[in-house]
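Each remark here refers to the structure printed beneath this line.
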Amino acid sequence: MRNPLVDYPTAAERLKEVTDTLEQGIKDLFESGRYAEYLKIMSKFHRYSYNNALLIALQYPGASRIAGFQAWKKDFGRTVKRGEKGIRILAPCPYQTMVEREKIDPTTRRPVLDENGRPVKENVMVKRQSFKVATVFDVSQTEGKELPSLCVNELTGSVEHYNTLIPAVEAVSPVPVYFNFPFPSAAKGCFSHIEQCVYVRPGMSEVQTLKTLIHEVSHAKCHALPVENGIVTGLPEKDRHTREVEAESIAYVVCHHFGVDTSDYSFGYIAGWSKNRELEELKSSLEFIRETAAELIDGIERQCPELYPVLPRQEQAKKHTSQQR
């Protein structure tokens, strides 16, 4: 039996308990009928190359679901709103052309020679790949039939010590934070690689604002790409699915530590970015999520000594024990 004054749960153990809750909550969502319906619709959205993903992010930060004008109408029962400006990407445009080349012997795999010892030429049809500019639209630019959701509804409610916590999170952010959103997107926030700053949409509830801020600060802390002369010069080490799962998981853990429950939003958000029911992205990132969340929690608490004074070990134990009663 534990002695609460000596052998109380460590910070790492408490973080593991929270991430275990997160994992179980998403598993439960996977087993619901909502997830099967969600996958059926989401499978119709195309995956975009890194270059196109970057083009989309630069033109419409926060874009989440992208499709062409006709695809929105035919596949999803939605129409593009009047006056919306399209997002320009590069679409593959394969074509065939006739070329002359050396004839190859199918057995020896060597060029076929004529009686003079010169390579025999032949005309063959080959496939080439070119690209053309195509226009697509984000779901926020459309209206019509509702897409199935995983109950990722905007969070509501107030946060205790909100006016202390927000500046504390800003202080631990590696980049400046601006509470405005100068982009034509319905996103609640974004981390701009080019501008090296975080934007958070104003006018949201305290819970949603705090969660969004921590999510975007996590991106800035963990997923920033090198930029030179206003141009991104590197490639991300992790795919977008993993980056989004990590940022939202970190936000969930940090918010939970400060008494803010975001499970209704975070579970569905993470499930929506997971590629399968095995939670591959979450499991491979769990230790990274816990370590990063711990760093943020420590940094935020150091910014709020009046709320979170540094206590001797025995006093921490008494405090933790009283919180469990």
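So here's what we get for this one:
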read-out: Proximal charge balance of Ala168 [Cβ under 12 Å; K/R count +1, D/E count -1]; value: -3
read-out: Long-range tail of P(r) for region 63-133 (Cα pairs > 15 Å, %); value: 73 percent
read-out: Value in Å of the Kirkwood radius, where region 108-161 supplies the Cα pairs that are averaged; value: 19.6 Å
read-out: Cβ-defined net charge surrounding Val124, 15 Å radius [Lys, Arg +1; Asp, Glu -1]; value: +1
read-out: Around Tyr265: net Lys/Arg minus Asp/Glu count, Cβ-Cβ under 9 Å; value: -2
read-out: Coordinate range along principal axes, alpha carbons of region 256-311, Å, largest first; value: 43, 23, 14
read-out: When region 143-274 is reduced to its Cα atoms, the Kirkwood hydrodynamic radius in Å; value: 15.5 Å
read-out: Percentage, to the nearest whole number, of Cα pairs in the chain over 23 Å apart; value: 66 percent
read-out: Rounded to the nearest 20 debye, dipole of the chain from Cβ charges on Lys, Arg, Asp, Glu; value: 1300 debye
read-out: Asp298-Ser32 pseudo-label distance in nm [points 7 Å out on the Cα-to-Cβ vector]; value: 3.6 nm
read-out: Charge dipole (the chain, unit charges on Cβ, about Cα centre) - positive-most of Phe76, Ala168, Leu155; value: Phe76
read-out: For Arg201, distant residues with modelled amide H under 5 Å away; value: Gly189
read-out: Most positive-pole-ward Cα, Val120, Pro94, Ala251, against dipole of the chain from beta carbon charges; value: Val120
read-out: Projected-area mean, region 105-216, by convex hull of Cα positions, square nanometres; value: 16.1 nm²
read-out: GNM top mover of Glu244, Glu295, Glu216 - the chain, alpha-carbon springs below 10 Å; value: Glu295
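Laboratory data are not the source of any read-out in this text; all were calculated from the coordinates shown. Since this is a predicted model, take the numbers as computed values, not measurements. A quick note on method: Cβ atoms are made from the backbone with ideal geometry, for glycine too, and the neighbour counts reach across all protein chains shown.
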